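To start, the structure under review is shown below, and the notes come after it.
Read-outs: derived from the displayed coordinates by stated rules, not from any lab. Given the structure is predicted, the values throughout are model-derived calculations rather than measurements. Cβ coordinates were reconstructed from backbone atoms using ideal geometry, including for glycine residues, and neighbour counts include every protein chain displayed.
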Amino acid sequence: MELTYKDFCNEIKKGRLLGLKCEGCGKVIFPVKSFCPDCGGNKLKKIELSKRGKIKTYTVIRVAPEGFNPPYIVAIVELPEDVLVMGNLDFDPEKAGLFLLGKEVEIGYKEVPGDKYSGGGGIALLFSLVE
Amino acid sequence: MELTYKDFCNEIKKGRLLGLKCEGCGKVIFPVKSFCPDCGGNKLKKIELSKRGKIKTYTVIRVAPEGFNPPYIVAIVELPEDVLVMGNLDFDPEKAGLFLLGKEVEIGYKEVPGDKYSGGGGIALLFSLVE
Amino acid sequence: MREVAIVGVGMTNFGKHEETLLEMFGDAANEALLDAQLSPKEIEALFIGNCLGDFAEGQANISPFCASVIGLKDIPTIRVECACATATVAIREAVLTVANGVYDTVLAGGTEKTLVMGTPFATRTFAMASDSRFEGFAGITFPGAFALMAILYSREYGVPLEVLKEKMAMIAVKNHKNGAKNPKAHFRKVITIDDVKNSIMVADPLQLYDCCPFTDGAAAVVITTLEKAKRICKKPVVVAGTGLASAGAIIDQDIPRIKAREKAAKVAYAQAGMTPNDIDVCELHDCFTIAEIIATEGLGFFEHGQGWKAVDKGETDIGGKIPINPSGGLKARGHPIGATGAAQVYTIAKQLREEAGEFQVDGAKVGMIDTLGGDFSVVCNLILKRGW
Amino acid sequence: MREVAIVGVGMTNFGKHEETLLEMFGDAANEALLDAQLSPKEIEALFIGNCLGDFAEGQANISPFCASVIGLKDIPTIRVECACATATVAIREAVLTVANGVYDTVLAGGTEKTLVMGTPFATRTFAMASDSRFEGFAGITFPGAFALMAILYSREYGVPLEVLKEKMAMIAVKNHKNGAKNPKAHFRKVITIDDVKNSIMVADPLQLYDCCPFTDGAAAVVITTLEKAKRICKKPVVVAGTGLASAGAIIDQDIPRIKAREKAAKVAYAQAGMTPNDIDVCELHDCFTIAEIIATEGLGFFEHGQGWKAVDKGETDIGGKIPINPSGGLKARGHPIGATGAAQVYTIAKQLREEAGEFQVDGAKVGMIDTLGGDFSVVCNLILKRGW
Ligand SMILES: [Zn+2]
Ligand SMILES: [Zn+2]
């Protein structure tokens, strides 16, 4: 595929949030695919996505999967390119509330070392509120 | 089911190797089932199987699954009731050879504590050569 | 295409089981075959649902062993896995083969053990049904996914979260009230709104009593042609329509709507030649209280953004406009994930045959099954009707 | 029943992959759709094989994501798991739906990563395809199961073990020789009998070079009606027959014969109206060298107890009486378990289309696929033939 998860991780570490764009119809694609969901084309090229977006929804995970330390916030952020990304919000979970909705965030990342079931490590996007 | 694995383990610890017998056609059934493979009947009752049998085939496991310590012998033993059981042979793996085939064994057991993927502990049948 | 009917159903009690995956399936299959008054020898193929047997019991490749445990050799067997929609998908596959003459009589169902894993490990394994790369590393969980949904539902439809949470709590109360009448349910106790409000927070805004439990259990159904069904039983339950549809990761979806459900239901209704108004009783995927609200909308029982009002008016009670989860649903009957869809089919078959006992919906002639897998990424619907 | 054809095939290189399960599938599907010259928009349903995505990558419920990765929403998707026979079973299900008019054009295949788990953990997860209670606690492994088989074969048919081992080694040499010609094979190096004899003992009497490797990879096939196929491509590969059969635990079987294979093959031959003599090329389940011998007997190419002689006479070479595993087989092409069957179909389709390059079997018109799952508990066979 044009953009693999491994490349995605490497690039975010260099400060670039990557997605794909369909050369046929212009659709911005995230998460990555081998075909465009709109036109079915397979000429997709890497593009850099905005590293700012707005919180669409969030939750505080208090009962966590093995390997994760609750409480922490998981949020979905909407980018100007009309794509969604999921990640953690770097914010005190005990102070989280509906006021977070719509707030602008800067998109960074944190490394997740991975364990026995994760097929190696990866990254979680990490959102920080823009003051 | 008439005989569960849990009951099977409890009974072998009391010295009894259990199987099932079809009340319809007399078929001896092992491993346990809810219907008779011969006549399709579901009136099956517990019976005690012989604790002696003959080695039908064996191998020495030298590359083991996580949680097991190689080398060890896995063997299939044939009981007089014309059923097969699988277990470990209590014999030096380095001395194993084709001479084991057809040898008579006494059937005991060993407890296997179980781990994260085993759904609790269980038992492995343990075969000892009859002198 | 031949008309297809369910002629036997079986289900273990749901809850904590010492029995193995195979033993539970053996018991459920035994009950289903007894119900159908058929010998296992008449079963030509087996479709089994199981999600996590490998983690829970070190048992993968479960399908041939499920055949073996009911005394069968040589027959085609398949294990299907589509997260929590697993058993419904297995049953749909089975129905398609009978409808198309591949086989005449087959067995389908599901078996699952989850409690042995404990909560953190089970939570981890359940979460594997999300996209492991673009969602999993953030530590999303199933309660978490539906919590994201609840917040968004509140926002998109302008329902204040406190109001929404009150209705969600009422759904938990309703489903427990129903489950208390179901002798096979995991939870058979009535709860109050205060019980819900006082329970621990799992994933804001979902509290423990908004969530279905981890459960062990199995269920099985015998499927054959309507023609044969009419010969061998008095109350064959006809499969009038089926639908299955998928979606990608949450971030690829149009939440708070679940488009995969809307598509699957549309296909099922069209096949059955029915509309939501024709449904007399529905067992749907209330893995969380908010999930029941969204499902009742996706299935067309209420307008989008309006489903939260229904529980208030008793419209989804037994005896209401559209009884939802009279068995107690995933919330109270329990949710052994790979077996849930088969339990729903068991329940609807019993309803149509008027054998549901204390939770019977009077005169139910058409019933719907709705099962959702992953974070809204796969939904399977079945519509059943009386064949007599 | 409509005649069904394969109109596109795709396969990643087999070996070690950094790509994820979904990325590998995306690549294989891309190649298959390009081969078929179809847009993914024409795909109506997806049947995906995967065995251990949950352990290897924390990815369960993979089917909707496989659809999503090729840009599809809403379509029915199913994950099938039957241990090492997984992808063949998925393809067979796909074929049945097209044959019966449920869908016109579907995608099926498999994707698997095993190397990331490391040998002890991968060995454990593979062994989960055995009966977890009555076999698993004894520490049986897959090499172990086939080692039990090899000893028994030697004994039952009176073939001295040293003689049998020599022939087994020759099979490894043959399959490596073939694999060296296959640009997508995991191992592309020629080996000698001494290499086999000098390799470590894995499960007596099986040595390392008697065993297929752990492998990562994916493969996909586009399936449609023969009618449509004839319109869109020059060399549609017709699915002439399929068979699937099961058995219980090893101790429930009549080893050294594998009755599930004999049943599955019988059904496939009958459906195709063929006999073993009609098969020009065969990709079969040589997970271990002894497995190839037993498979050639079970499929009817040789008498029971006689298959060990074939390699000696070159009967199973490319150019022999019945070329077995010209691609290198599981032994050299590699064995990403849930993708293997799809790779076999890829290979046979290429053979029939005379696009197999250096490992082409001249004039192959009919090919057979044989895939075995678990310790002989599920076998799926397909017979493919030229549709032009
Ligand atoms: Zn496009
Ligand atoms: Zn009997």
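Would you mind classifying region B:1-83 by shape? Square roots of the alpha carbon gyration tensor eigenvalues, ordered a ≥ b ≥ c; an a/c under 1.5 is rounded, otherwise it is prolate if a/b is larger than b/c and oblate if not. Prolate. Each of C:R2, C:R124, D:R133 was scored by other Cβ atoms within 10 Å of its Cβ. Listed from fewest to most, they are C:R2, C:R124, D:R133.
Computed from phi, the 3J(HN,Hα) profile of region D:79-95 under the Karplus parametrisation 6.51, -1.76, 1.60 (θ = phi - 60°) reads 9, 10, 9, 9, 6, 5, 8, 2, 5, 5, 5, 4, 5, 4, 4, 4, 4 Hz, with x in place of Gly and Pro. For A:G41, the residues whose modelled amide H falls within less than 5 Å of its own, excluding neighbours fewer than 5 places apart on the same chain, are A:C36. Between B:R62, B:R16, B:R52, the GNM of chain B built on Cα springs shorter than 10 angstrom shows B:R62 fluctuating the most.
Expressed as a rounded percentage, what relative contact order does chain D have, with Cα pairs under 8 Å and six or more residues apart? It would help to have the intermediate numbers written out before the result.
Working: 972 pairs, mean separation 99.8, N = 388.
It rounds to 26 percent for chain D.
Near B:I47, the amide H atoms lying under 5 Å from its own belong to B:G19, B:L20, B:K21; only residues 5 or more places off or on other chains count, and H is placed 1.01 Å from N.
Simple spin-label estimate for C:K16 and A:E23 gives 6.1 nm between the two label positions (7 Å along the Cα-to-Cβ direction from each Cα). Shown for A:D92, C:D278: other C-beta atoms within 10 Å of each C-beta, ranked fewest to most, produce the order A:D92, C:D278. What separates the C:G314 label point from its copies, with the point 7 Å along Cα to Cβ, is 8.8 nm, written shortest first. With neighbours defined as other Cβ atoms within 10 Å of a residue's Cβ, the residues D:L21, A:L44, A:L98 order from fewest to most as A:L98, A:L44, D:L21.
Of the trypsin sites (Lys or Arg not before Pro) found in region D:220-268, those that fall in a DSSP loop while having at most 10 other beta-carbon atoms within 10 Å are D:K234.
A Cβ-based charge dipole, computed about the Cα centre of region D:209-354 with Lys and Arg at +1 and Asp and Glu at -1, lands at about 700 debye.
A Förster radius of 41 Å combined with the Cβ-Cβ distance from A:E106 to C:Q306 puts the calculated FRET efficiency at roughly 0.65.
Give, rounded to the nearest 20 debye, the magnitude of the charge dipole that region D:297-357 has about its Cα centre when Lys and Arg contribute +1 at Cβ and Asp and Glu contribute -1 at Cβ.
Working: 7 positive and 7 negative charges, 33 e Å.
My answer is approximately 160 debye.
The label point for D:T192 and the one for C:K235, both projected 7 Å from the Cα toward the Cβ, are 7.6 nm apart.
Using Cα springs under 10 Å in a Gaussian network model of chain D, which residue among D:C211, D:C287, D:C233 shows the largest mean-square fluctuation? Looking only at D:C211, D:C287, D:C233, the largest GNM fluctuation is found for D:C233. With respect to the axis relating copies C and D by rotation, the chain C residue whose beta carbon is closest, plus that distance in Å, is C:N100, 2.
Sorted shortest first, the separations between the D:G158 label point and its copies elsewhere in the assembly read 9.1 nm; each point sits 7 Å from Cα along the Cα-to-Cβ line.
Quick one: grab the alpha carbon gyration tensor of region D:276-324, order the square roots of its eigenvalues as a ≥ b ≥ c, and give me rounded if a/c is under 1.5, else prolate or oblate depending on whether a/b is larger than b/c.
Values: a/c = 1.26, a/b = 1.23, b/c = 1.02.
Verdict is rounded for region D:276-324.
Evaluate the distance, in nm, between pseudo-label points positioned 7 Å from the Cα of C:E355 and of D:D254 along their respective Cα→Cβ axes. Distance between label points: 3.7 nm.
How high is the relative contact order of region D:339-388? Use alpha-carbon pairs under 8 Å, at least six apart in sequence, and give a whole percent.
With pairs under 8 Å counted, the relative contact order is 32 percent.
Working note: Karplus 6.51/-1.76/1.60 with θ = phi - 60° gives region D:178-195 the couplings 5, x, 4, 8, 9, x, 9, 6, 5, 10, 10, 10, 6, 10, 10, 4, 5, 4 Hz, where Gly and Pro are set to x. Left without a cysteine partner by the 4.7 Å Cβ rule in chain B: B:C9.
The mean sequence distance of close C-alpha pairs (under 8 Å, at least 6 residues apart), as a share of the length of region C:253-363, puts its relative contact order at 25 percent.
Annotation: amide H-H contacts under 5 Å for D:T20 (H modelled 1.01 Å from N, sequence separation of 5 or more, or interchain): A:Y5.
Shape analysis of region C:1-103 places it in the prolate category; the axes a ≥ b ≥ c from the Cα gyration tensor give an a/c of at least 1.5, with a/b above b/c.
Distance check, please: which entries in C:K113/C:K350; D:K189/D:K309; A:K14/D:K113; B:K14/B:K116; D:K228/D:K385; A:K51/A:K103 exceed 19 angstrom between their Cα atoms? Could the numbers behind the result be given before it?
Values: C:K113/C:K350 24 Å; D:K189/D:K309 24 Å; A:K14/D:K113 28 Å; B:K14/B:K116 27 Å; D:K228/D:K385 17 Å; A:K51/A:K103 14 Å.
Going by Cα-Cα distance, C:K113/C:K350; D:K189/D:K309; A:K14/D:K113; B:K14/B:K116 fall outside the 19 Å limit.
In nanometers and ordered shortest first, the copy-to-copy spacing of the B:K54 label point, defined 7 Å from Cα toward Cβ, is 8.2. A Förster radius of 51 Å, combined with the Cβ-Cβ distance separating C:W388 from B:E78, puts the computed FRET efficiency at roughly 0.50.
For region A:34-131, the average shadow cast by the Cα convex hull is 7.9 nm², which is a quarter of the hull's surface. Among B:K27, B:K46, B:K116, the largest mean-square fluctuation in a Gaussian network model of chain B (Cα springs under 10 Å) belongs to B:K116.
Measuring r between the beta carbons of B:D7 and D:L34 and using R0 = 56 Å, the FRET efficiency lands at 0.45.
In square nanometres, what is the average projected area of the Cα convex hull of region C:329-388? Can you show the working numbers first?
Numbers: hull surface 17.7 nm².
Averaged projected area of region C:329-388's Cα convex hull equals 4.4 nm².
Kirkwood hydrodynamic radius computed over the protein assembly as shown comes to 28.7 Å, based on all pairs of distinct alpha carbons. Rounded to whole numbers, the Karplus 3J(HN,Hα) couplings from phi for region D:375-387 are 8, 6, 9, 8, 9, 10, 10, 10, 10, 10, 9, 5, x Hz, using 6.51 cos²θ - 1.76 cosθ + 1.60 with θ = phi - 60°, and x at Gly and Pro. Only helices enter the 222 nm calculation for the protein assembly as shown: every DSSP H run of n ≥ 4 contributes -39,500 (n - 2.57), and dividing by all residues gives -8500 deg cm²/dmol, rounded to 500.
Scanning chain A for the Cβ atom closest to the axis that brings A onto B yields residue and whole-Å distance A:K116, 5.
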